[in-house]
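Down below is the structure, laid out as structure tokens.
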Amino acid sequence: KGIERIHKAIENGEKITVYGDYDVDGVTSVCTVYLYLKSVGANIDYYIPNRTGEGYGVSRAAIDSIKESGTCLIITVDTGITANEEVEYAKTVGIDFVITDHHECHLDIPNATAVINPHRPDCNYPFKELAGVGVVFKLVTAYEEFISKKSRKECARKIFSEYADLVA
């Protein structure tokens with residue numbers, strides 16, 4: 001679902017904002033998604049909240065600011081798994097969410113377009129201890145596989161060769 005929504009946004013020229021955490025995992029995740037999606041033609045921006053002024057996580061004020069910039073899709077990286085109310089609010093202002101996160105899930109997962117997290121109870125991915133940037137690596141590799149129609153292995157090699165410095 002996440003790949004399909006991202007593809008639709010790129011195909012339609014919709015503005016996408018990557019929303020990340022301000023720690024090392026969050027910043028490398030933002031960079032990886034931003035650089036990759038830019039390379040495949042996305043109208044892309046990023047948002048990293050101010051640690052002292054905004055704190056951790058997704059906020060309504062940030063959603064309002066992002067909406068004013070023309071964004072239709074927010075992709076969270078290393079954050080968002082507890083943003084239930086914020087995702088619902090974003091829907092009312094016309095913004096979809098694709099959440100990528102690696103933190104533990106609560107019982108109620110946000111009702112986003114897609115929630116990609118190895119800790120989801122329904123996720124059968126065998127390694128649950130990916131960092132946020134590891135989840136992002138899986139996302140961009142899957143997107144590369146979707147658009148290129150090449151094998152997963154070929155796509156993983158390509159993405160890793162281009163973004164290993166950030167992913168590692």
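The values are calculated or read from the model by the stated rules, or taken from the named source; none is laboratory data. Predicted, not measured: the structure shown is a model, and the values here were computed from it. Counting neighbours? That spans all protein chains shown, and the Cβs are built from the backbone with ideal geometry, glycine included. Just so you know, the surface numbers come from the protein's heavy atoms only, side chains and all, with ligands and any DNA or RNA stripped out. Shrake-Rupley method; radii C 1.70, N 1.55, O 1.52, S 1.80 Å.
Observations on the structure shown:
- Each Cα pair under 8 Å and six or more residues apart adds its sequence gap; the mean of these over the residue count of the chain is a relative contact order of 23 percent.
- Dipole check for the chain: with +1 at the C-beta of Lys and Arg, -1 at the C-beta of Asp and Glu, and the Cα centre as origin, the magnitude is about 680 Debye.
- Positive-end extreme of charge dipole, region 1-95 - chosen from A61, Y22, N43 (charges on Cβ): N43
- Count Lys and Arg as plus one, Asp and Glu as minus one, and take only other residues whose Cβ is under 11 Å from that of I44; the net charge is then 0.
- Extension reserve of the L35-K91 stretch, reckoned as 0.36 nm per residue once the Cα distance is removed: 17.5 nm
- Relative intensity, log₁₀ I(q)/I(0), of region 95-168 from a Debye sum that treats every alpha carbon as a point, q = 0.20, 0.28 Å⁻¹: -0.93, -1.28
- Looking at region 1-65, the accessible area is 48 square angstrom per residue; that uses a 1.4 Å probe and ignores ligands, DNA and RNA.
- Each eigenvalue of the Cα gyration tensor of region 127-168, multiplied by 5 and square-rooted, gives one semi-axis; in descending order these are 18, 12, 8 Å.
- Relative contact order of region 86-168: 21 percent, from C-alpha pairs under 8 Å at least 6 residues apart in sequence.
- Sparse packing (at most 11 other Cβ atoms within 10 Å of the Cβ) combined with a DSSP loop state is found for the following trypsin sites (Lys or Arg not before Pro) in region 23-80: R51.
- Ligands, DNA and RNA left out, the accessible area of region 67-147 computed with a 1.4 Å probe is 54% carbon and sulfur.
- Computed over region 97-143, relative contact order equals 38 percent, with contacts defined as Cα pairs under 8 Å that lie 6+ residues apart.
- Of the GluC sites (Glu not before Pro) found in region 77-138, the ones in coil according to DSSP and having at most 12 other Cβ atoms within 10 Å of their Cβ are E104, E129.
- Between region 133-155 and region 78-111, the C-alpha centres lie 23 angstrom from each other.
- Here is the P(r) of region 3-70: all C-alpha pair distances, binned every 10 Å from 0, give 20, 48, 29, 3 in whole percents.
- Each of H102, N84, T71 was placed along the dipole of region 71-115 (beta-carbon charges, centred on the mean Cα), and the one lying farthest toward the positive end is T71.
- Average accessible surface for region 68-168: 51 Å² per residue, computed with a 1.4 Å probe over protein heavy atoms with every protein chain in place.
- Average silhouette area of the chain, convex hull of alpha-carbon atoms, in square nanometres: 9.2
- Mean projected area in nm² (Cα convex hull; one quarter of hull surface) for region 24-121: 6.3
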